[in-house]
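What follows is a set of notes on a single structure, which appears directly below.
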Amino acid sequence: MPVRPRFVHRVRVRAQRQDREKPRRVRLSNITRPVFYIVLTFAVSLFTFYVFKSWSSRIWRGGTRITVVVATEDPTIYSYNPQNQSIYKITVPKNTQVTASGGYGTWLVGSLWGLGEQEGVGGKILKNSLQKSLGVSVDAYTNRDGEVLFESGKFGLLGAVFQVFKMRNIETDLTFFDKVNLLMALGQVGRFSRTDIDLVKRGVIEKGKLSDGLNGYIVVADRAAVGLDILRDDKIFVEMKTLKISNASDVGGLAGEVSRVALVLGIRVLDMGSSNDKYRGVCSVKGGGEQLRSLAARRITQIYGCDQSIKELNSAADLELIIGDRFAKEF
């Protein structure tokens, strides 16, 4: 018996209605694909930002000497000269008494890393205190785990990158690119180009009674510039730049501290004195446009975080460094 058309029509309508009432299955790929691209774009953008920030804020640039303090039990200073691919190692006895930067008073160098951690500034106090006391420009710091940067073997680019990714425990102000460049550069330094500097033999420190009555070492500031002139930056020295230092703060003695650092760098200090015009910032480097583009001006600016301003000087010096009120708090 043939199926009546009206019955067939009812069956079709009922099937269509049931089909519409069924929940539609959404393919998972239609949701995950846009989310995946959003996450991927965010990750790439974040990585690009990190790389750019690390590159733009790197400490070591321009082929200059770089000096880093490692917070071992007896703090160790490593200074690398790329001009002759040599490295100098200075071990500072932990019971050496120094005046801590930032107005913290007298401390032993072996306790300065702990003080920095307590104050939430990492190795900044250790770095600045050694720079202030020894007259050596200390560019960066690491905790004790950072010694691997200076004592490792040879690395190519990929090997250095991989090694840096393994250094998760290093607390430092060195950037990713700084660490990669150090590993690649120092791996080329032979053992005959590595020299230990004895501070006692060079007269930079001597045994004596400390302020607490115990025996230890005391820095002889007047001998530091001569005893550590081996750390001179050759690229700065050949520029033959001269510097005038003006203390525009209310704290005395700061010009002398800066002059020792400048002399070891390779900058000749022509004049030091106080300024009647007070400066409220950290410091300012002044000079002609060409003079401010010199390596000497850029290094002084980088070491102390100074401002720069173009000004023709009324003195025989090429550059003038003005020390401000905030300098004593920072350094």
Which ones in the range 234-255 are of a type in the set (A, V, I, L, M, F, W, C) and in contact with a strand residue (DSSP E or B) (Cβ under 6 Å, 6 or more places away or on another chain)?
LEU243, ILE245, ALA248, LEU254, ALA255
Starting from residues that are under 20 Å from GLU73 (Cβ atoms) and aromatic (Phe, Trp, Tyr), keep the ones in the range 133-189 and report whichever is modelled with the lowest pLDDT.
PHE150
Pairs only if they're at least six apart or on different chains, beta carbon under 6 angstrom, first in the range 196-210 and farther than 16 Å from ALA225 by Cβ and touching a residue at least 24 places away in the same chain (Cβ under 8 Å), second assigned to a strand (DSSP E or B) and among the charged types (D, E, K, R); list them, first residue then second.
ASP196/LYS89
Looking at the range 175-287, what strands (runs of 3 or more DSSP E) fall wholly within it and have at least 2 residues that are open to solvent by 40 Å² or more (accessible area, probe 1.4 Å)?
194-197, 205-209, 215-219, 268-274
Taking first residues from the range 90-113 that are hydrophobic (A, V, I, L, M, F, W, C) and second residues anywhere that are in a helix (DSSP H, G or I) and surrounded by fewer than 21 Cβ atoms within 10 Å (Cβ to Cβ), the pairs with Cβ under 8 Å that are 6 or more apart or on different chains are ALA100/LEU115; TRP107/LEU115
Count of the range 288-331 residues which are loosely packed, with under 15 Cβ neighbours inside 10 Å, out of contact with any strand residue (DSSP E or B) (no Cβ under 7 Å at 6 or more places or on another chain) and small (Gly, Ala, Ser)
1
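Residue-by-condition table, conditions (1) buried (at least 16 other Cβ atoms within 10 Å of the Cβ); (2) within 20 Å of TYR304 (Cα to Cα):
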residue: GLY63; (1), (2): no, yes
residue: ILE66; (1), (2): yes, yes
residue: ASN81; (1), (2): yes, no
residue: SER86; (1), (2): yes, no
residue: ASN95; (1), (2): yes, no
Condition first: of a type in the set (Gly, Ala, Ser), farther than 16 Å from LEU183 by Cα and out of contact with any helix residue (DSSP H, G or I) (no Cβ under 8 Å at 6 or more places or on another chain). Now tell me which residues in the range 112-169 satisfy that.
GLY114, GLY120
In the range 97-123, anything exposed (fewer than 14 other Cβ atoms within 10 Å of the Cβ) and in a loop (DSSP other than H, G, I, E, B) is listed as GLY103, GLY120
Go through the range 157-174 residue by residue and tally those that are under 18 Å from the mean Cα position of the chain (by Cα) and buried (at least 19 other Cβ atoms within 10 Å of the Cβ).
3
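The values are calculated or read from the model by the stated rules, or taken from the named source; none is laboratory data. Here the structure is a predicted model, which means the values were calculated and not measured. A quick note on method: Cβ atoms are made from the backbone with ideal geometry, for glycine too, and the neighbour counts reach across all protein chains shown. SASA here: full protein model, heavy atoms, side chains in, ligands and nucleic acids out. Shrake-Rupley method; radii C 1.70, N 1.55, O 1.52, S 1.80 Å.
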